[in-house]
Each structure stands twice: as C-alpha cells, then as structure tokens.
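First up is the structure itself, then whatever we jot down about it.
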Ligand SMILES: Nc1ncnc2c1ncn2[C@@H]1O[C@H](COP(=O)(O)OP(=O)(O)OP(=O)(O)O)[C@@H](O)[C@H]1O
C-alpha cells in the first residue's frame, strides 16, 4: 500500500468557540473506502468541510502529501483541486444546464482541453455512472438516484484520485441506494479511486467500507477506526450499538 493521501493530525473541529471534535488522528489510505460515521450532530459534515478546506482547523493539521491545507498558497491550492472531487449532500446540479453541460463545466473551467475532447470525456464519465443516455437531459428529468450518479460523474470530471461524498444515499430507496453502493465499489475497484464518505446507512457501511471511523458525540473525539465487521465484534460498546442499529441508551 502506497503512502497515505491525507494525514489528519491532532485535529480539533470547532464552530466559533464551541469544540465539536478534538484530537482526531487518522490517514486516508490509497484505494480504500473510508466511512465517517456517528450519531446525528457528532460532526461528520463538519469534518468533511475541514477535509476539503472549507473550514480552518481550530487546532491541528490536514496534510495532502507535503501540502498543509490551511497554509497552502495559490499554486498549492491549484494542485489540491486536482487531488479530490466532492459531492455535497444536496448533490445539486445546475438546473439551467443539461446533465452533460454540468459534467463538462469543471473541465471547461479548469483544463485547457478542446471542446470536442471535453464532450467525449463527459460522455465517458456519464457512461461510467450508468447514465450514457442522459447527456442532453435536464437535471429536472432525472430520478433522485440518477441525480446522485450525475453529481458523482461531475465530481469525477477531473479524474481525482480521491472522492468525498456527503451522504450519497440520503433520500434514496433501498434498491437505488444499493445500486449507488455498487457504483462506489466499481470506482474503487476499476479506477482505483479512494473514497471518503459520510453515511447514516448501516447497509451501506457494511457493503462498501474498508474502514469506518466513529465520531462519538459525547466523548467529542473518534473512538474507533477499523473494518466495520471488526468493530461490530470487538469495537467499543457505543460503536457496536451504533452498528447494530441501536441508539446509545
Ligand atoms: N453553520 C454552523 N454554525 C454553527 N454550528 C454548526 C453549523 N453547522 C453545524 N454546526 C454544529 O456542529 C455540530 C456538528 O454538526 P454536523 O452537521 O457536522 O454533524 P453531523 O454528524 O454531520 O450531523 P448529521 O448526521 O445530523 O448530518 C452540531 O452541533 C451542529 O449544531
């Protein structure tokens, strides 16, 4: 296994003065699906916001290779843009553009590729997520699951080695959600994409996660990081309860 893509060191997350999580230490390993899990309000989305540089750590560091995210200069930020793609919880596509135009947009803005090449690549990305026929469709005409797939295609537009997904299955029925899990595994297994994903769905955690990180809302720190099945058997009690679908008493 190669060097970690992301190093998180002594990270404290806070909103204003209020500490949400502290002393987070973990790596994101190349080629893994890492799930961020924990009860409602424990700080999963806040951690994701820090990992993509939307929020600056109250303490500690997030490093991509040699680059410290918080102190990156303009050139380094440009380099970082190519290292990860992001699909936010809303997964919003621009409604005024076709699905194909949505996927082409990052390539138009951030590459010097010719228009014909960009279109070919966008069609390829849509095929990758099982939406080969949707290039000219309007986002409004897509089902919830198809919108998520299109948003993943857009996040993959620049071929990032790392993909951040915030609750990709939120609002989807179980069958559509399972198909999205298959897509996530396909990206990992066939493109070697590393995926860091926030999810509530236990089925999804067991289906896709190589490792799952548990943020404990009461302890305000991570209390476990391991394969979900290992955590189910040997994890701390609150983690086992969580994975059994039982809320903390
Ligand atoms: N914009 C904000 N301003 C202030 N506090 C916030 C803001 N967003 C979130 N918080 C607080 O940070 C804490 C963590 O919220 P966060 O959304 O990261 O949790 P989460 O684990 O993703 O929750 P959920 O599973 O419900 O989506 C919560 O106490 C929340 O109230």
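The values are calculated or read from the model by the stated rules, or taken from the named source; none is laboratory data. Remember, predicted model here, so these are calculated numbers, not experimental data. Methodologically, a virtual Cβ is constructed for each residue, glycine included, from the backbone with ideal geometry; neighbour enumeration extends over all protein chains shown.
Pairing each residue of the range 43-68 that is within 18 Å of residue 83 (Cβ to Cβ) with any residue that is assigned to a loop (DSSP other than H, G, I, E, B) and within 13 Å of the ligand (Cβ to nearest atom), provided the two are 6+ apart or on different chains, yields C-beta distances under 6 Å for 49/55. Scanning the range 180-203 for residues that are over 24 Å from residue 2 (Cα atoms), touching a residue at least 40 places away in the same chain (Cβ under 8 Å) and away from the ligand (no atom under 13 Å from the Cβ) gives a single hit, 202. Could you tell me which numbered condition residue 100 fails, if it satisfies all but one of (1) away from the ligand (no atom under 16 Å from the Cβ); (2) crowded, with 17+ Cβ neighbours inside 10 Å; (3) modelled with pLDDT under 95? Checking residue 100 against (1) away from the ligand (no atom under 16 Å from the Cβ); (2) crowded, with 17+ Cβ neighbours inside 10 Å; (3) modelled with pLDDT under 95, the one that fails is (3). For the range 24-44, which positions are crowded, with 21+ Cβ neighbours inside 10 Å, at negative phi and within 15 Å of the ligand (Cβ to nearest atom)? Across the range 24-44, the qualifying residues are 24, 35, 36, 37, 42, 44.
So, in the range 140-163, how many residues would count as being part of a helix (DSSP H, G or I) and in contact with a helix residue (DSSP H, G or I) (Cβ under 9 Å, 6 or more places away or on another chain)? Qualifying residue count, the range 140-163: 13. Among residues of the range 4-22 that are closer than 18 Å to residue 69 by Cα and within 11 Å of the ligand (Cβ to nearest atom), those with a beta-carbon under 7 Å from a residue that is modelled with pLDDT of 95 or more and in a strand (DSSP E or B) at least six positions away or on a different chain give the pairs 13/20; 13/21; 14/20. The number of residues in the range 16-42 being farther than 19 Å from residue 235 by Cα, in contact with a helix residue (DSSP H, G or I) (Cβ under 9 Å, 6 or more places away or on another chain) and modelled with pLDDT under 95 comes to 0.
Name the one entry in 137, 170 that is in contact with a helix residue (DSSP H, G or I) (Cβ under 6 Å, 6 or more places away or on another chain), surrounded by 16 or more Cβ atoms within 10 Å (Cβ to Cβ) and not in a helix (DSSP H, G or I). From the options 137, 170, the qualifying one is 137. Does residue 80 satisfy being part of a helix (DSSP H, G or I), modelled with pLDDT under 90 and under 17 Å from the mean Cα position of the chain (by Cα)? Yes; evaluated as a whole, the condition is true for this residue.
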